[in-house]
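**Q** Can you read through this structure? Questions will come right after.
The values are calculated or read from the model by the stated rules, or taken from the named source; none is laboratory data. These numbers were taken from a predicted model, which means no experiment stands behind them. Cβ placement follows ideal geometry from the backbone for every residue including glycine, while neighbour counts extend to all protein chains displayed.
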Amino acid sequence: MTFCVLAPEHPLVETIVTDDRRDEVEAFRAQVKLTSEIDRLSTERDLSKRGCFTGAFAKNPFNGNAVPVYLADYVLGTYGTGAIMAVPGGDQRDHDFAKAYGLDIIATVQPPADFEGEAYAGDGEVINSEWLNGLSVDEAKAKAIEFLRSEGIGDAKVTFRLRDWLLSRQRFWGCPIPMVYCDDCGLQPVPAQQ
C-alpha cells in the first residue's frame with residue numbers, strides 16, 4: 001500500500017482534511033456530487049480531475065509507514081466501506097491514479113515474463129512486501145488477514161457487487177411482465193402458475 005483513498009462522500013473526510021487543503025477538498029466534493037456513479041467508474045475520463053490530497057496521512061498497518069490519504073471519485077461510498085488501501089502495482093485504477101498524481105508504484109506480485117501491462121493483478125510470488133515475500137498470493141492474503149486479526153484492526157470480508165433488481169426498473173420497451181392478449185378480456189398478465 002502506497003496511499004489510501006476515501007470516497008468523497010465518506011464521513012471521515014470532514015475529520016481528517018487539513019485546513020490548508022479544505023477549500024480544494026470541498027470544491028472537489030462539490031464537483032463529484034454532480035457526477036453519476038456510472039460516470040465515476042468510467043475509464044474514459046481525464047485522470048487529473050479524479051482526486052485530491054486531504055493533507056492527512058494514514059499508517060500502513062503492515063510496515064508502519066505513513067501514506068497519504070486522497071479522495072478519488074473512483075471509490076464509491078455506496079460500495080464496501082468507501083475506503084481503500086491502494087496498491088498501484090496490482091490494480092489498474094490505483095495505478096492510473098498514482099501515475100496521474102506522482103505517487104509511488106510498487107509491484108507486489110512478480111508478473112510472468114510475458115506480462116506486458118502496467119499493473120499485474122494475477123497470481124504469482126509476492127515481492128516487495130517484507131515478511132510476506134516469497135509466498136503465493138493466497139498464502140500472503142491468509143497471513144495478512146491473520147496479522148490484522150491478531151492486532152484487532154481487521155478481518156476478512158467478502159463483498160458481492162450485486163445491486164437490487166427492481167420490478168419497476170425502466171426499460172425502453174417496458175416492464176418485463178409476461179402478458180398475453182385475450183380476444184374477450186384484452187391484455188392480461190400471464191397467471192403465476194404458468
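**Q** Could you list all residues from the stretch 106-115 that are surrounded by fewer than 17 Cβ atoms within 10 Å (Cβ to Cβ) and closer than 25 Å to Arg50 by Cβ?
**A** Ile106
**Q** Right, another one. Within the stretch 138-151, identify whether any single residue is free of Cβ contacts under 8 Å to residues at least 60 places away in the same chain and touching a Lys or Arg at 6+ places or on another chain (Cβ under 9 Å), and answer yes or no.
**A** There is no residue in the stretch 138-151 that is free of Cβ contacts under 8 Å to residues at least 60 places away in the same chain and touching a Lys or Arg at 6+ places or on another chain (Cβ under 9 Å).
**Q** Being closer than 16 Å to Asp73 by Cα and modelled with pLDDT under 95 is the filter here; which residues of the stretch 1-31 pass it?
**A** Answer for the stretch 1-31, where residues must be closer than 16 Å to Asp73 by Cα and modelled with pLDDT under 95: just Gln31.
**Q** Follow-up question, since we're still on this one. Out of curiosity, is Leu71 surrounded by 18 or more Cβ atoms within 10 Å (Cβ to Cβ), modelled with pLDDT of 95 or more and either more than 11 Å from the chain's Cα centre (by Cα) or not hydrophobic (A, V, I, L, M, F, W, C) (or both)?
**A** Answer is yes for this residue.
**Q** Please count how many residues of the stretch 6-42 are closer than 14 Å to Tyr70 by Cβ, of a type in the set (A, V, I, L, M, F, W, C) and not in a loop (DSSP other than H, G, I, E, B).
**A** 6
**Q** Sticking with this structure for a sec: Would you please list the contacts, defined by Cβ atoms under 6 Å and residues six or more apart or on different chains, that run from a residue in the stretch 66-83 that is acidic (Asp, Glu) to a residue that is surrounded by 14 or more Cβ atoms within 10 Å (Cβ to Cβ)?
**A** Asp73/Val32; Asp73/Arg40; Asp73/Arg50
**Q** Do the conditions hold for Gly80, that is, is it surrounded by fewer than 14 Cβ atoms within 10 Å (Cβ to Cβ) and within 21 Å of Val13 (Cα to Cα)?
**A** Values: surrounded by fewer than 14 Cβ atoms within 10 Å (Cβ to Cβ): yes; within 21 Å of Val13 (Cα to Cα): yes.
Yes.
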